[in-house]
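Before any comments, here is the structure.
The values are calculated or read from the model by the stated rules, or taken from the named source; none is laboratory data. Since the structure is predicted, the reported quantities are computational estimates derived from the model, not experimental observations. Cβ placement follows ideal geometry from the backbone for every residue including glycine, while neighbour counts extend to all protein chains displayed. For accessibility, only protein heavy atoms count, side chains too; no ligands or nucleic acids. Shrake-Rupley method; radii C 1.70, N 1.55, O 1.52, S 1.80 Å.
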Amino acid sequence: MRRLFAVSLFALLLGVGVVALIETDPGYVLVSYGKYTMETSLWVGLVVLALVLFVFYLLLRTVYQLIGGRRSLIGWLGHRRSSQAARASTRGVISFTEGNWARARRQLLRGAHNNESPLVNYLLAARASDRLEEPEQVSEYLQAAGDAEPHAAVAIEIVRAESRLRNGQFEQALAVLDKAKRNLGKYPYVLGLMLKAYEGMQDWDNVLGLLPELRKHKQLSDDEAGQIERDIHQRRLQGAPAVGELHSAWQSVSSALKQDSGLLQLYIGRLVELGDNAAAEKTLLRALKRQWDSELVRHYGLIEGDNASARLAQAERWLPQHPEDAELLLCLGRLCLRDNLWGKARDYFESSYRLEPGAEVCAELGRLLVGLGEPKVAAAYYREGLARTEAQLPELPQPDKVISNHHLLERLPAD
């Protein structure tokens, strides 16, 4: 209350003083411009000047609000364009994820305008063009991405490499990735692209050399890397044209994979195919000494050579420990045939048949029985083997006059 009274009293005294000053000496102001003049007292002139300055201030403020500031008309128009660009970009990303490449590219390019960071738009537009198989547009949008963000060179080259890989240009893709592959710790995704390029070029040595890095940077699990390694060695073993190349291919297999049953069977089978029966037998016996494998035993009966009696004796030494192994009995039957022991071979084949009546043992029995002069029994075995081979035949009506030998076949007397 006292403060208000003091302020009011001061204002009153100030007003009285100003009035007294004006009355004592009002002053004189003359303004001339061309043919026009204006005369007034100093104090009125000061009031007019103050009004002019105030109007000028209001005018400047209005202009600023129209063309500058966050709430200005231009700012509002710019914000509206930015919002439209953001919405178009969002719709473009959605369309790209849905696989609508043409629509995605159109929306992404629309969103690139009035966008402060159009890099993503151009990169996705380039990828969409790649899906549409338009390489010229891919180059155009990647160039635009580089102009928009010069520091994104590696990201741009990665997209370019993906496009080359999709078009089967494996060597060009590797050349594009040259800069990125110098720092694989920073760009681990590049490892996967390099793997695709080397696989496309069938450069298996470089694929094998890349697997440790892929494991290290978590681009492949141990199981996935192991499967790739196994497939490569399988291709090499299958494609070896001669015994020397086959041995070299086997030597490049890691110690762990040499224990793989499938690769062992393939290697032994290829040794037999190329005529190196001694190496096949040696490798097989060494593997069976480490661990019993019925599939490897089957291959033992396929090895050719003059020492059939010795191999038969070796296989019969395995029989007491594996009397119920159908593959061993099939192998023994074949070894007996190589040693001209027809009756013994028949016994082993029939024992194998009782355990597992498969198509292979049926075929062996049929072939043997034809030679022994029992064509009817041989025909029954052949028929059953064929039926087991074609197990996916549909159920259809059949004539009644057929030999009913669906289970264990009994020996029929010779004609």
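Miscellaneous remarks
- DSSP-assigned coil residues among GluC sites (Glu not before Pro) in the stretch 278-379, each with at most 16 further Cβ atoms within 10 Å: GLU304, GLU324
- Cα gyration tensor shape of the stretch 156-197, rounded if a/c is under 1.5, else prolate or oblate by comparing a/b with b/c: prolate
- Note on the stretch 77-181: Cα-Cα pairs beyond 21 Å make up 34% of the total pair count.
- Measuring only protein heavy atoms, the 1.4 Å probe finds SER254 accessible over about 40 Å².
- Classified by the C-alpha gyration tensor, the stretch 271-319 has an oblate form. Its axis ratio a/c, with a ≥ b ≥ c, is 1.5 or above, and a/b does not exceed b/c.
- Taking label points 7 Å from Cα along the Cα-to-Cβ direction, GLU224 and GLU304 give a separation of 4.5 nm.
- Anisotropy class of the stretch 127-207 from Cα gyration tensor, a/c 1.5 cut: oblate
- The distance linking the stretch 325-386 with the stretch 169-223 is 52 Å (Cα centroid to Cα centroid, whole angstrom).
- Here, the stretch 275-389 yields an orientationally averaged convex hull projection of 7.1 nm² when only Cα atoms define the hull.
- Efficiency of FRET between GLU360 and ASN100 - r from beta-carbon atoms, R0 56 angstrom, step 0.05: 0.55
- Across the protein chains, with a 1.4 Å probe defining accessible surface, the residues TYR353, TYR57 rank TYR57, TYR353 from largest area downward.
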